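The values are calculated or read from the model by the stated rules, or taken from the named source; none is laboratory data. As the structure is a computational prediction, the values presented were derived from the model and not from experiment. Cβ atoms come from the backbone with ideal geometry, glycine included; neighbour counts cover every protein chain shown.
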Amino acid sequence: MAATDEREAAFYAIVDSDGRIEPRDDMPEAYRKTLIRQIAQHAHSEIIGMQPEGNWISRAPSLRRKAILLAKVQDEAGHGLYLYAAAETLGVSRDQLLELLHTKRQKYSSIFNYPTLTWADVGAIGWLVDGAAITNQVPLTRCSYGPYARAMVRICKEESFHQRQGFESLLTLTRGSAAQKAMAQDALDRWWYPSLAMFGPPDTGEQAAPGGHTEQSMRWGIKRFSNDELRQRFVDMTVPQSEVLGLTIPDPGLRWNEERGHYDFTAPDYDELFRVIKGDGPCNEQRLRHRVDAQNDGAWVREAAGAYAAKQQARRREAAA
Amino acid sequence: MAATDEREAAFYAIVDSDGRIEPRDDMPEAYRKTLIRQIAQHAHSEIIGMQPEGNWISRAPSLRRKAILLAKVQDEAGHGLYLYAAAETLGVSRDQLLELLHTKRQKYSSIFNYPTLTWADVGAIGWLVDGAAITNQVPLTRCSYGPYARAMVRICKEESFHQRQGFESLLTLTRGSAAQKAMAQDALDRWWYPSLAMFGPPDTGEQAAPGGHTEQSMRWGIKRFSNDELRQRFVDMTVPQSEVLGLTIPDPGLRWNEERGHYDFTAPDYDELFRVIKGDGPCNEQRLRHRVDAQNDGAWVREAAGAYAAKQQARRREAAA
Amino acid sequence: MRDRYALALGDDALVLAQRLGEWVARAPELEEDVALANIALDLLGQARTMLTYAGELEGTGRDEDALAYWRDDRDFRNALLVELPNGDFAVTMARQLVFAAYQYELYDRLRASTDDTLAAVAGKAVKEVHYHRDHATQWVLRLGDGTDESRRRMVAGLATVWPYAEELFDGDDVTAALSAEGVAVDPATLREPWTAYVEGVLAEAGLERPADAAPRRGGRRGLHTEHLGYLLAEMQHLHRSHPEATW
Amino acid sequence: MRDRYALALGDDALVLAQRLGEWVARAPELEEDVALANIALDLLGQARTMLTYAGELEGTGRDEDALAYWRDDRDFRNALLVELPNGDFAVTMARQLVFAAYQYELYDRLRASTDDTLAAVAGKAVKEVHYHRDHATQWVLRLGDGTDESRRRMVAGLATVWPYAEELFDGDDVTAALSAEGVAVDPATLREPWTAYVEGVLAEAGLERPADAAPRRGGRRGLHTEHLGYLLAEMQHLHRSHPEATW
């Protein structure tokens, strides 16, 4: 239909000129659906991501670190709020999205399916996981959908703060006792490859994601760089930081490649990544169970709030009549 | 009625000659009721008494102490079993008695309404509370009701073992670090008067129990000494032990009375005792709530066991037919 | 003596912050994860200032962490109320109402303390606590006047915490001496405005004031419930495992 | 190398004893308070012997308490199964069946160890574990073939623990070397008799074998669940608070 074509042309005119699509603008249905899935997965990752770090709030080894951690986990809840709100501008409700999460029809970042076994894991998550997240997300501050781009600006600012705090926490450990340094190295050993896997399957080869998606997302301006480009960027940023920390990245294949101007490194075990995505990671069940329990335990509270609001409205209406 | 008189005469003949009443013997209804209440209260005390000590099983400071404590709390459950079984010979079921406990119509020893705040409290309970219990209970090994007397023989033997273990645990503390010694003294400071109160109200004066009960129980051979006699016996036994421990009993009025051949001591605050019995102790609600929760949480298990037993019986019957 | 006063106020805030932190990632809705973490953070901030000040006053070189991590439960001076387990959301909100309404009246008056540090802490804290009190108030209204179930739970929550309210207004030799000097606030003077506020909220929510039960007290003298030991074991374990470490 | 073997067996017993101890004074009936405490005591006894032996073998002067109280969770070598939270009684009984059936086959064979200490421990333990296995079996039958609710819970309990069974049969360099010498039992050889026993119980109870799920492993390499850290914090706090003390 001509009208559709015209609307599509208007959409691409905005996208191609690096403009912003806003909620009331026309957009292709596939664009809308892809965005919803992407924003929702991002939102879910924020709220599931509260758990592995939240695991150490009660046991943080100093009151200062406890405050920093509490504030960080609070920020993650806040990011979840912005992102669900951004998704809602596309015509889905938070409740619908949570229901999709709880019934395993939408995913969250697999990184949160690994356990936080020691205090150093909290630092490692800040340094590596937030570092990888920022690498993924900074390009999204220029993404074509306005509400998502604006949410990302705020989120990236806070996450880069968290990343520095994580680095600083690990630095304190590596400059501390032998036990603290060992704890930090152990955390890096466990979190390195899962962090690399956060960028998703490789661009090419057998394990590459089935074709078309990336190209489409790039065309729509909701993905700016390929998985492998972002992964390389993360490695290049992180290796010098590991040297400042005095920690050894657990990759004997890691070395500077003068010719490429990049670090060469061993790719993560993508088979493991797929297993964890499929549900077989160490904590998949625990994380989802925790989330669903919180949702169920709070049902009566949300119902009460709804009932109260309705009563209040009725009272106001009566008073006005 | 002549028949009743005859039966009563036979009963008293046995009691007066220090014989034993057995379940099938005739006994006055009031005797039966008093015994049920006394044995039930004793059984309830054993099972509620598992809580304050059980509170430290997970945190015992050595594996040896953990094993000793676990065995002791297990013994208390065992004592509860003997005592409910003894009460059942009088025609009530364990379920009925538990129901009376759970609905506050039967009591347990008020001592268990105090919290165990430190590890030393476990030792203090062994030394003082079990010590007081033994003082109360040894005379009951000669009580007129056979099943109760026999249960008491076994219980007293185990409790005197516990009492020695509690003393030995405290001795280790008082010979340990300054912090350990302070912990032991603090425990004695808190448990001394509640232990004295375990013997009940004084024999005479305003706070004495309303008349008749003690005389009746003595006549029936289910109480052999008055509260104050037993309390004095406990103090006389305990003071020299406190000296071995090197701990100070928190009573400036405590001194040896050459004339009486006993220690003089300050009586406990009986008003507090009555308040705690009435329900206002620090842990009354917590203890009963814990017990009722365990009962409710286990209901489906007990039902399943009953259903399974019935099915098995039906199957056996079918197989035999 | 001022150190003991600062310690009691700091312990209240620290222990309640620890309890509220347990809600994070399990709150009934995401907004409450944010709100409860926020309140916990405010309390933790108050605790850090008060414990630091207590350490300076006692002059033995103990800093906030030495006081938080190296004291045993018999040395903690918080009121029993704040160490109670969270229970369901209604129990937590009942505890929040009781405590925030108390803390608000306390800090409102403590701004006039002749001790500059206490006055400054109070000046900052009173704004935070005003929000805590409002947050709890809104929830007590919603739950008390929401559904049948929420009302039943709210009534039960209030009954659970009510016996622990009275201890907040207990004075001792420290508060007596310091309030005479104008340093501290006599806790007894807070009971009336506290009662007025809390009863107002209950009335608006259509809830009755819980029946009087025997007050539970002892925390200010280090006689705690059995719950505190577990809270401290969890909180202190890592720190105590590395006695010389910096974090 | 033997020290590492003894440590793994000792840690299994210690951590499960700690979990079962949590049931005391909350069991469904008084007989179960007795039974669970009894099983916990047996396991604690096994743990003490094994940890003591591990300490002797490593020759660094660590005794049972040094090993139990001063290692962090990354140094514990127990299988993940035993650190799982108790859940309801059905989860606990499912865990007991899986573990006791494994331990029975293990100790039955370990009696023939060329290591006299291990053989002696096994000789004593096999009798205890025979009772543990029987106790769990009886309950799985009662719950599986009891009421609808108990059956539902038993099915859920089995599903909860099932993914953790496989780790019990994992070998590593230690068990490979030691079983070649006749010191240890190759865990893989226990799978078949274990399966025969457990499947027999499930069949008698009218329960299906849970669907295969991805096995959960890592404990033998110190990669635990997040639950273990809390268990250890509670268990170790007091001991670590008084590093030089004797108890």
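Remarks
- In summary, D:Leu110 fulfils each of the numbered conditions (1) farther than 21 Å from D:Ile39 by Cα; (2) surrounded by fewer than 24 Cβ atoms within 10 Å (Cβ to Cβ); (3) in contact (Cβ under 8 Å) with a residue 60 or more places away in the chain with the single exception of condition (1).
- Selection from the stretch B:270-296 of residues that are within 14 Å of chain D (Cβ to nearest Cβ) and out of contact with any Pro (no Cβ under 7 Å at 6 or more places or on another chain): B:Gln286, B:Arg287, B:Leu288, B:Arg289, B:His290, B:Arg291, B:Val292, B:Asp293, B:Ala294, B:Gln295, B:Asn296
- Meets criteria (away from chain A (no Cβ under 13 Å), touching a residue at least 40 places away in the same chain (Cβ under 8 Å) and surrounded by fewer than 21 Cβ atoms within 10 Å (Cβ to Cβ)) for C:Asp116: no
- Residue tally, condition within 14 Å of chain C (Cβ to nearest Cβ) and either surrounded by 16 or more Cβ atoms within 10 Å (Cβ to Cβ) or not in a helix (DSSP H, G or I) (or both), over the stretch A:149-173: 8
- Just one of the numbered conditions (1) crowded, with 24+ Cβ neighbours inside 10 Å; (2) within 14 Å of chain A (Cβ to nearest Cβ); (3) in a helix (DSSP H, G or I) is not true of C:Val24: (3).
- Test: B:Leu128 is aliphatic (A, V, I, L, M) and either part of a helix (DSSP H, G or I) or farther than 25 Å from B:Leu188 by Cβ (or both): yes
- Filter result for B:Asp293 (acidic (Asp, Glu) and surrounded by 14 or more Cβ atoms within 10 Å (Cβ to Cβ)): no
- Scanning the stretch A:186-196 for any residue that is assigned to a helix (DSSP H, G or I), in contact with a His (Cβ under 9 Å, 6 or more places away or on another chain) and acidic (Asp, Glu) turns up nothing.
- Condition met for D:Pro243 (farther than 20 Å from D:Leu84 by Cα and within 12 Å of chain B (Cβ to nearest Cβ)): yes
- Within the stretch B:264-290, residues that are modelled with pLDDT of 90 or more and among the β-branched types (Val, Ile, Thr) have Cβ atoms under 6 Å from residues that are assigned to a helix (DSSP H, G or I) and crowded, with 18+ Cβ neighbours inside 10 Å in no pair, counting only partners at least 6 apart in sequence or on another chain.
- For the stretch C:139-195, the set of residues classified as of a type in the set (S, T, N, Q) and touching a residue at least 40 places away in the same chain (Cβ under 8 Å) consists of C:Ser150, C:Thr160, C:Thr175, C:Thr189, listed by residue number.
- Residue match in the stretch A:31-43 (condition: more than 19 Å from the chain's Cα centre (by Cα), more than 14 Å from chain C (Cβ to nearest Cβ) and either closer than 19 Å to A:Arg150 by Cβ or modelled with pLDDT of 95 or more (or both)): yes
- Near pairs, Cβ below 6 angstrom, 6+ apart or cross-chain, from the stretch D:57-73 (surrounded by 18 or more Cβ atoms within 10 Å (Cβ to Cβ)) to any residue that is at pLDDT 95 or above and among the β-branched types (Val, Ile, Thr): D:Glu64/D:Thr52
- Residues satisfying the stated conditions in the stretch D:74-114, i.e. among the hydroxyl-bearing types (Ser, Thr, Tyr) and closer than 19 Å to D:Val174 by Cα: D:Tyr102, D:Tyr107, D:Ser113, D:Thr114
- Pairs where the first residue, in the stretch A:243-263, is basic (Lys, Arg) and the second is modelled with pLDDT of 95 or more, C-beta under 9 Å, 6+ apart: A:Arg255/A:Tyr263; A:Arg255/A:Asp264; A:Arg255/A:Phe265; A:Arg260/A:Gln232
- The set of residues in the stretch D:190-240 being among the β-branched types (Val, Ile, Thr) and within 14 Å of chain A (Cβ to nearest Cβ) consists of D:Thr225 alone.
Okay, residues lined up against (1) surrounded by fewer than 19 Cβ atoms within 10 Å (Cβ to Cβ); (2) at pLDDT below 95; (3) under 16 Å from the mean Cα position of the chain (by Cα):
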{"position": "C:His130", "(1), (2), (3)": "yes, no, yes"}
{"position": "C:Gln138", "(1), (2), (3)": "yes, no, no"}
{"position": "C:Leu143", "(1), (2), (3)": "no, no, no"}
{"position": "C:Pro163", "(1), (2), (3)": "no, no, yes"}
{"position": "C:Leu168", "(1), (2), (3)": "no, no, yes"}
{"position": "C:Glu192", "(1), (2), (3)": "yes, no, no"}
{"position": "C:Tyr197", "(1), (2), (3)": "yes, no, no"}
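- Residues (within 12 Å of A:Trp192 (Cβ to Cβ) and either crowded, with 18+ Cβ neighbours inside 10 Å or not hydroxyl-bearing (Ser, Thr, Tyr) (or both)) located in the stretch A:254-266: A:Leu254, A:Phe265
- Residue that is surrounded by the fewest Cβ atoms within 10 Å (Cβ to Cβ), among those in the stretch B:206-222 that are assigned to a loop (DSSP other than H, G, I, E, B) and touching a residue at least 40 places away in the same chain (Cβ under 8 Å): B:Gln207
- Among the residues of the stretch B:220-274, those identified as of a type in the set (Val, Ile, Thr), closer than 30 Å to B:Pro210 by Cβ and out of contact with any helix residue (DSSP H, G or I) (no Cβ under 7 Å at 6 or more places or on another chain) are B:Val235, B:Thr266.
- Restricting attention to the stretch C:80-97, the residues that are out of contact with any His (no Cβ under 9 Å at 6 or more places or on another chain) and part of a loop (DSSP other than H, G, I, E, B) add up to 3.
- A:Asp228 fulfils the conditions (1) of a type outside the set (Val, Ile, Thr); (2) more than 27 Å from A:Asn55 (Cα to Cα); (3) free of Cβ contacts under 8 Å to residues at least 24 places away in the same chain except for a single criterion, (3).
- Condition check for B:Arg316: assigned by the TED database to the domain that holds B:Glu99 and outside any loop (DSSP other than H, G, I, E, B): no
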